[in-house]
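Student: Handing you this structure, nothing more for now.
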Amino acid sequence: MSAFRFPWRQANALIGGVLLGSILLAAAVAILWTPFDPLGINLRARFAAPSWGHPFGADEFGRDVLSRAMSGALTSTSVALLTVTFAVLIGTALGLVTGYMRGWTDRLIMMVNDALLAFPGMLLALGLMAVIGPNRYGIVLALGIAYTPSVVRVVRGTVLSIREREFVEASRVLGNGEVFTMLRHVLPNAFAPLAVLATSMFGWVILSESALSFLGLGVPPPAPTWGNMLSAARPYLESAPWLGIAPGLCIAVTLLGINLLGDALRDKLDPRMAG
Amino acid sequence: MQSEIPPVLEITGLKIGLLQGQLVVDDVSLSVGRGEVVAVVGESGSGKTMVARSVLGLLPPGLARSEGIIRFNGEAIQQAPWKRMRALRGGEIGMVFQEPMVSLNPAIRIGKQMEEGLAIHRPKMGREERRKLCADMLRRVGIDDAERCLMAFPHEFSGGMRQRMMLASVMMLEPKLLIADEPTTALDSLTQREVLDLMVGLTREMGTAVLLITHDLGVVARYSQRCVVLEKGRLVESGPTAQVIGAPRELYTRRLVEAIPRPRPRDGAERAGEVVLSVEKLHVTFRRRGGLFQRATDMRAVKGVDLTVRAGETVAVVGGSGSGKTTLGRAILRLVEPSGGTIRFKGMPLLQAGRAGMHSFRMACQLISQDPYSSLDPRMRVGDIVGEALRLLDGMSASGKHSRIEEALAEVGLAGYERRFPHQLSGGQRQRVAIARALIRRPELVIADEPISALDMTIQKQILDLLESLQRSHGFSCLFISHDLAAVRQIANRVIVMQEGRIVEQGETEAVFERSDHPYTRALLEASPALTLSRKAIL
Amino acid sequence: MGRYLLGRLLTTIPTLLLVSFSVFLLIRLVPGDPIVLMLGDAADEETVRDIREAYGLEKPFFVQFGLWLLKAMSGDLGTSISNGAAVAPLILDRFQVSASIVVIAIVVAVAISVPLGMIAAWRQNSLTDILVVGGATLLLSLPSFWLGLLLLLLFGLKLGWVPVVGYISFAEDWQGALTYILLPIVTLILIEIGVVTRMARASTVEVLRLEYITHARAKGVSEGSVLMRHALPNAFAPTWTLIGLLLGNLLGGIAVVETVFTLPGLGRLLVDAIFARDYPIIQGCLLFTAVIYVIVNLIVDLCYPLFDPRVMAE
């Protein structure tokens, strides 16, 4: 209808790449260097407003917000990366098994899976955190368990549809065994939906981790995360609003980057959906 | 001749292009006179559908008419104002689409959808009258239980029934022109015949002119008075149908006509070698799992089939949809488990075969399946797809495998295509890859399940010829499963006719085609437009 | 038709059983003696033994589960460790706060988003479309607790239009109550508009390219009717399913918003209980929220055939 076709995929990939790239870069730099020690207390800089010395200001202990945001980027992205890896590895293995082998294994795994899916993800994570207690690896475990069931479901669904495709049948007719067929033909073709899911899951995990940290159930202070920085900024919202800007902006930029990249990826893998 | 009364539809110099400027329809002109059936013929990419859609301004986004005049009863409508166009759509010009499964709205009851057109174009008609008219019209297209049908949703009906409903809802408004875009391509040949007969009958009664878009020369010959041949958006030839098909002037038209399979004289002595495959009393039952409130039911797809295939011969299995012919092929390949009977491959009982027995069977029996878009792994290169078949062959060096792959691809006319991916190939090329994969291990038996039905006509001919020549050089036996009787007549030595899971007739090809008196076989034969056409062409 | 509905209803029973079993099991996974956990560290040995018997903890695991489940079904979720109050009434009380925010937010967000998404899809690739999709993606990327803080900063602190801290129940003073829950609702609406608009647009784009839409146009149906009568029911079906998921996710994650606006809702109850290690309350909150989620999805599925009658055939 319209004469102008907006290049969605290119625009999404470019903007999303730049946004997420800058966050990842900040996280990578934070491994080696931050302008100030993110934990270094400096009472003279308490509530320093943004300036050249402290571009994002300083908090109630005089800690540099930029350094803390960079260190938080490292924490959040590494937690998200670990969690997504956990969920994708375990979820794919279980999904392949349930999608390919019918019978009792399939039913049992799917029963547990459906039970976990019957909880909203964040609620399950909260419940697990109540059991595990707040710490960095506890978060990975809790969010990993909370998000694995959706990977299982997507992989299983994809496997069920791919195994009906004629090229899988052709592989069987050639005389290939079931395991070979699964690894050579089914798994590689399940990659596309898995990649789309893993991308958006990265975003969900960043968000959930921040929310848990914001509630005080995530990575415990003094280690900075965007969530616990926001939580700490809350009492000073009126007097030092900059404390709440930087960490929130970081989360938003990360999520926007991931959402845009996810859209670009989905358009590339499923050209029908391209705008 | 028609200088005073203008034709119902007259298209002159039509050009349709992509927004980037590339033309998909380039300078096409045609006209449809009163009560006339004019066919537009072409293969995929010929732009025939776009010509049809442009008449009512229904081009998909991204395409637009750039030049040309479209006249309806003398009135130029290519830039008709919105209101006039809406009055034309449905009211004066009706349109029937290709896919009956997706052209009715799944969320709205049939009655409501039919009434919608009446509400727009006959606003004065009362509700009761509308309903009565809808029911009458449904009865006229052969739906007896019209009242119930009006209250039902589309998903409750088969494709053939839905296409009847479409036809009813369009013809109910008594349009002056009916545009039918491949109206029966998605239906099996028996249903196709019924729906087309119905369509032509109704339009003749109402004096409606028809623009029939099709790829099937048989349909053109049977139903149209005049026809227009398109190739890649350009008009190749047009004129009275008998003349265009009987004595084509242009090269492309000649190729189309030649693509209709013809029976050819068999080379004297029939090859009657040893029995490769023998099937006895084969049953296949699909168990539909019972739900909470439904008992498990058995669906018997194949009911006691006996057949043999000898070395070097081609046996065709034909039948309408639901005849069980595809299930039969899959059961022989052990892709579905038969529920009873025996299958012997060169004397070895397959259903009791162990691992080694199955391995040797797999090595010697291959499949070519219908849909070349789904039968090749999209993530593998052509060379790897074909080469995968060699993985299980012992004692073959890497270089030996490589030259074998090259040879196999060269045989199907795809030399140098090793590095391509399936999505870079056309449908015909993909089917060639599937054939190379099936034949690279030199199997003794090939089961071809509708190997050409997804392809364009000229490509069908090439693939059929390729299969024949490969069979001559390698001497494999072939079980050729098809609904395309003309193709069967060209390629098969013997024919098996299946109906509802049983064999109703079998015999030598010519004997079945020329002398069968089984009613189901006769109905199938008569429903095949290409077959009648090829018969005519021979006489 | 009845078969689909009844079948869907019956599959809910095993799901509910599994859900309650998971909740029961989860709390049992907490390291330490459940009675000590339940009573706190200060309990003396005798009380522990008495309670152990009273709760039937000597009985086999599955019997314990059965007893617990029976009690839960009769509305008894135990008592809080910290203050001895009955858990079930407490949860219901807090749930009213959370539910009113979540339900209002979803209804408003859907009412805004579905037309917005459909128009964007109808005008695909136009400036409107780009703005709508861009805006929705931006909203989708905002964490609710940050957006809430920003709104609070602007409307509460800078402009002083709404109170910053506190809550009055609707029963006391509905106008006053509204001012307290206005910002949380707006926060959720903004976030959900992002999700729902994108979904509504995507499914409308899918539907608009289907043949029956062209067929409707070929019948002379006007563009408005094409959108409202032909596209809407089909395009709304996926959005309808999404609503069930959203409602559950909002309830599950409501704690952050309640924290920002200091609302005494269900989420806050759960988080406070986690800090206080008040396991009966944790257990109750998890069970209650999960059951609500299952029931909401059941209702969503039961209504689904209204938009897509095809499911009845399966």
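The values are calculated or read from the model by the stated rules, or taken from the named source; none is laboratory data. Worth saying up front: this structure is predicted, and the values here are computed from it rather than measured. All Cβ positions, glycine included, derive from the backbone under ideal geometry; neighbour counts span all protein chains shown. Note: areas computed on protein heavy atoms with side chains; ligands, DNA, RNA excluded. Shrake-Rupley method; radii C 1.70, N 1.55, O 1.52, S 1.80 Å.
Student: Sticking with the crude label model, points 7 Å out along Cα→Cβ, report the distance from A:TRP104 to B:ARG127 in nm, one decimal please.
Tutor: Taking the simple label geometry, A:TRP104 and B:ARG127 are separated by 6.0 nm.
Student: Alpha carbon centre of segment B:135-199 versus segment B:300-364: separation in Å?
Tutor: 38 Å
Student: Ballpark to the nearest 100 Å², how much total accessible area do B and C bury together, probe 1.4 Å?
Tutor: Roughly 2500 Å².
Student: Still on this model: Distance from the Cα centre of segment B:50-72 to that of segment C:189-241, in angstrom?
Tutor: Going from one Cα centre to the other spans 24 Å.
Student: How big is the gap, in Å, between the Cα center of segment B:421-479 and the Cα center of segment C:108-167?
Tutor: 57 Å
Student: Which one of C:ALA111, C:ALA120, C:ALA99 has the biggest mean-square fluctuation once chain C is modelled by GNM with Cα springs under 10 Å?
Tutor: It is C:ALA111.
Student: Sort the following peptides by mean Cβ neighbour count (other Cβ atoms within 10 Å, averaged over residues), highest first: B:381-393, B:73-85.
Tutor: The packing order, highest mean first, is B:381-393, B:73-85.
Student: Compute the orientation-averaged projected area for segment B:6-60 from the convex hull of its Cα atoms and round it to one decimal in nm².
Tutor: Result: a mean projected hull area of 4.2 nm².
Student: Once you've got the GNM for chain C with C-alpha springs shorter than 10 Å, pick whichever of C:PRO233, C:PRO60, C:PRO163 has the biggest mean-square fluctuation.
Tutor: Maximum among the listed residues: C:PRO60.
Student: Now, a different point. Kindly report, to the nearest 10 Å², the accessible surface of C:CYS303 as traced by a 1.4 Å probe over protein heavy atoms only.
Tutor: Accessible area, nearest 10 Å²: 40 Å².
Student: Right, here's the next one. Starting from the Cα of C:LYS59, draw a straight line to each of the lysines and keep only those under 26 Å, dropping any in the same chain fewer than 8 residues away.
Tutor: Within the straight-line limit of under 26 Å, C:LYS59 reaches these lysines: C:LYS71.
Student: So, one more: Rg and Dmax of segment C:82-215, using alpha carbons, in Å: what are they?
Tutor: 19.2, 67
Student: Let me ask something additional. Can you tell me how chain B classifies by the Cα gyration tensor, rounded, prolate or oblate, using a/c under 1.5 as the rounded cut?
Tutor: prolate
Student: Would you mind checking the radius of gyration and Dmax of segment A:13-131 based on alpha-carbon positions, in Å?
Tutor: Gyration radius and largest Cα-Cα distance of segment A:13-131: 21.4, 68 Å.
Student: Still on this structure, please answer the following. Straight-line reach from B:LYS303: which aspartates and glutamates have a Cα under 16 Å away, not including same-chain ones fewer than 8 places off?
Tutor: Here the aspartates and glutamates satisfying the reach criterion relative to B:LYS303 are B:GLU280, B:GLU337, B:GLU500, B:GLU505.
Student: For A:LEU183 paired with B:THR308, estimate the spin-label separation in nm (one decimal), with each label point 7 Å from Cα along the Cα-to-Cβ line.
Tutor: Simple spin-label model gives 4.4 nm for this pair.
Student: Still on this model: So what is the diffusion coefficient of the protein assembly as shown in µm² per second by Stokes-Einstein at 4 °C and 1.567 mPa s, using a Kirkwood Rh over Cα pairs?
Tutor: Approximately 38 µm²/s, per Stokes-Einstein.
Student: Dimensions of segment C:96-313 along principal axes (Cα, Å, largest first)?
Tutor: Computed over the Cα atoms, the extents are 64, 45, 30 Å.
Student: Also: Kindly report, to the nearest 10 Å², the accessible surface of B:GLU156 as traced by a 1.4 Å probe over protein heavy atoms only.
Tutor: Counting only protein heavy atoms, the figure is 90 Å².
Student: Applying 1/(1 + (r/R0)^6) with R0 = 41 Å to the Cβ-Cβ distance of C:ARG310 and B:SER426, what FRET efficiency is obtained, to the nearest 0.05?
Tutor: Plugging the Cβ-Cβ distance into 1/(1 + (r/R0)^6) gives 0.75.
Student: Ok, one more. Normalising by the residue count of segment B:269-535, find the relative contact order in percent from Cα pairs under 8 Å and 6+ residues apart.
Tutor: Once normalised by length, the contact order is 25 percent.
Student: Let me know the whole percent of all Cα-Cα pairs from segment B:269-535 that are separated by more than 30 Å.
Tutor: 31 percent
Student: Of chain C, which part is the longest with no trypsin sites (Lys or Arg not before Pro) in a loop (DSSP not H, G, I, E, B) and with at most 16 other C-beta atoms within 10 angstrom?
Tutor: With trypsin sites (Lys or Arg not before Pro) excluded where exposed in loops, chain C gives C:1-122 as its longest stretch.
Student: While we're on this one: Could you work out how far helix C:61-73 tilts from the main Cα principal axis of chain C, as a 0 to 90 degree angle to the nearest 10?
Tutor: Long axis of C:61-73 versus the principal axis of chain C: about 60 degrees.
Student: Report the antiparallel proportion of the DSSP beta bridges in the protein assembly as shown as a percent, rounded to a multiple of 5.
Tutor: Of those bridges, close to 55 percent are antiparallel.
Student: Of B:LYS83/B:LYS132; B:LYS325/B:LYS461; B:LYS83/B:LYS112; B:LYS15/B:LYS461; B:LYS83/B:LYS124; B:LYS132/B:LYS176, which pairs sit farther than 20 Å apart, going by alpha carbon to alpha carbon?
Tutor: B:LYS83/B:LYS132; B:LYS325/B:LYS461; B:LYS83/B:LYS112; B:LYS15/B:LYS461; B:LYS132/B:LYS176
Student: From other protein chains only, count the Cβ atoms within 10 Å of every residue's Cβ in B:77-88, then give the mean.
Tutor: 1
Student: Heads up, I need the accessible area for B:HIS474: 1.4 angstrom probe, whole protein in place, Å², nearest 10.
Tutor: Looks like 60 Å² after rounding.
Student: Using r as the Cβ-Cβ distance of C:GLU172 and B:ARG379, and R0 as 45 Å, what FRET efficiency do you calculate, to the nearest 0.05?
Tutor: According to the calculation, E is roughly 0.10.
Student: Averaged over peptide C:250-257, how many Cβ atoms belonging to another chain are found within 10 Å of each residue's Cβ?
Tutor: 6
Student: Within 10 Å of each Cβ in peptide A:217-226, how many partner chain Cβ atoms are there on average? Round it to a whole number, please.
Tutor: 1
Student: Let me ask something else. So for segment A:50-160, averaging the separation of alpha carbon pairs under 8 Å that are six or more residues apart and normalising by length, what relative contact order in percent results?
Tutor: 33 percent
Student: Would you please give the FRET efficiency between C:GLU206 and B:THR185, computed as 1/(1 + (r/R0)^6) with r the Cβ-Cβ distance and R0 = 25 Å, to the nearest 0.05?
Tutor: FRET efficiency, C:GLU206 to B:THR185: 0.60.
Student: Pick from C:TYR180, C:TYR293, C:TYR212: which residue has the top mean-square fluctuation in a GNM of chain C where Cα pairs under 10 Å get a spring?
Tutor: C:TYR212
Student: Is the shape of segment B:403-446 best called rounded, prolate or oblate, per the rule: a/c under 1.5 gives rounded, else a/b larger than b/c gives prolate, else oblate, with a ≥ b ≥ c the square roots of the Cα gyration tensor eigenvalues?
Tutor: Oblate is the answer for segment B:403-446, as a/c is 1.5 or above yet b/c matches or exceeds a/b.
Student: Given the pairs B:LYS346/B:LYS401; A:LYS268/B:LYS232; B:LYS48/B:LYS232, which span a C-alpha to C-alpha distance of over 19 angstrom in this model?
Tutor: B:LYS346/B:LYS401; A:LYS268/B:LYS232
Student: Summing both sides, how much accessible area is buried between A and C? Use a 1.4 Å probe and give Å² to the nearest 100.
Tutor: 4400 Å²
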